[in-house]
Amino acid sequence: PETNLFCADDVGALLEIFEISQGANADGLLRALAELEFGAQTDANVALAREWLAAHKDWTTSAVLAHLAARAAPRRLVLPDTDAVLRIADLKRLQRGFADAAIIQLVRHPWTQGALLAHWLAERLFVAADFRDFSVMPAAVDPQIAWYRTQRNLEMFLQPAYAARWQRVQIETFDDAATAAEALSALCAGLGLDAAALVEAPVPWSFAGFGPPAAAYGFEPELLEVLPPVPDAWGAARLAGPLSWRRDGKALAAEVIELAERYGYR
């Protein structure tokens, strides 16, 4: 799950961030420790995971991730992270700690991403500043801002160091069985894995779904919750025209369109 380990240099600072943060930012790390350090994701083991973190305040966050990797061996860790990509300092910590990692940039059409998140965020009391347009008053919810910042941060601050171990995958390729098989094979080939073996004998994933009540989350809501469907009236994915989630008639920014087209979107 998402551990948020790259938010800080050491565990002590990370725990302070968890303490003051909105939402369940610690859940992913607690679930990972409960499973890999203590054997199962239960409320009791989540409590042990909290104690473990408190006892290792002087550890670097990179050391914690290396410890989890050792616990998971001979399996490989796959570390999803949707927050670090918005913060340059987090990406630099990732690079310093794991220079030999393989990176998968999972992208979605900016209109589809914007529509999904804008419709979901409309029901939330708290919307992070990364998803707001402060050029208007009151600030408008507009996920294209975070979409663009994410891709540009990856290209500028991460891709140069991982060019030989970098894959960009469109999430839409997994919507169709024909393209999904091809995309999975290419993805596995880039990671040195046997796609056929994974499909024929999939391993049950311990982190699928919600965790125990003491640490229920650990992933983006769209992986765990049933998000409200985007209204049909909002239309299909496109790069031109006014955005359905904006009341002022604004469209996708020129730089968003340029980047999306370079990624193969129309």
Rounded to the nearest 5, what is the percent of antiparallel bridges among the DSSP beta bridges in the chain? 45
Note, ³J(HN,Hα) from phi for region 108-121, Karplus 6.51, -1.76, 1.60, rounded to Hz, x at Gly and Pro: 9, 3, x, 5, 4, 4, x, 5, 4, 6, 4, 5, 6, 5
Gain in length, GLN167 to ALA180, computed as 0.36 nm per residue apart minus the alpha-carbon separation, to one decimal in nm? 3.1 nm
How large is the accessible surface of LYS57 in square angstrom, using a 1.4 angstrom probe and rounding to the nearest 10? 110
Sorted by chain and then number, the residues having a modelled amide H within less than 5 Å of the amide H of VAL141, at least 5 places away or on another chain, are ASP133
In degrees, nearest ten, helix 11-20 long axis to first principal axis of the chain (Cα): 50
With the Cα gyration tensor of region 175-231 giving a ≥ b ≥ c as the square roots of its eigenvalues, does the rule (a/c under 1.5 for rounded; else a/b larger than b/c for prolate; else oblate) give rounded, prolate or oblate? oblate
If amide hydrogens are placed 1.01 Å from N in the peptide plane, which non-local residues have theirs closer than 5 Å to the one on LYS250? LEU243
Relative contact order of the chain (C-alpha contacts under 8 Å, at least 6 apart) in percent is 24
For region 48-64, in residue order, the Karplus 3J(HN,Hα) values (coefficients 6.51, -1.76, 1.60; θ = phi - 60°; whole Hz; Gly and Pro = x) are 5, 5, 4, 5, 4, 5, 4, 7, 10, 4, 7, 6, 6, 5, 5, 5, 5
Just want the answer: with Cβ charges of +1 for Lys and Arg and -1 for Asp and Glu, which residue in PRO80, MET156, ILE20 is farthest toward the dipole's positive end in the chain? MET156
If every Lys and Arg gets +1 and every Asp and Glu gets -1 at its Cβ, then about the Cα centre region 99-146 yields a dipole, in debye to the nearest 20, of 100
Amide H contacts under 5 Å for VAL169, restricted to residues at least 5 apart in sequence or on another chain and with H modeled in the peptide plane, are GLN105, LEU106, VAL107
Determine, for each peptide in 242-251, 228-237, 27-36, 9-18, the mean count of other beta carbons within 10 angstrom over its residues, then list the peptides with the highest first. 27-36, 9-18, 242-251, 228-237
Which value, in debye to the nearest 20, gives the size of the charge dipole of the chain about its Cα centre, when Lys and Arg are +1 and Asp and Glu are -1 at the Cβ? 520
Quick one: what are the phi-derived ³J(HN,Hα) couplings along region 236-241, Karplus 6.51/-1.76/1.60 with θ = phi - 60°, whole Hz, x for glycine and proline? 7, 4, 7, 9, 10, x
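The values are calculated or read from the model by the stated rules, or taken from the named source; none is laboratory data. These numbers come from a predicted model, not from an experiment. Every residue, glycine among them, receives a Cβ derived from its backbone with ideal geometry; neighbour counts consider all protein chains shown. Calculation scope for accessible area: heavy atoms of the full protein, side chains included, ligands and nucleic acids excluded. Shrake-Rupley method; radii C 1.70, N 1.55, O 1.52, S 1.80 Å.
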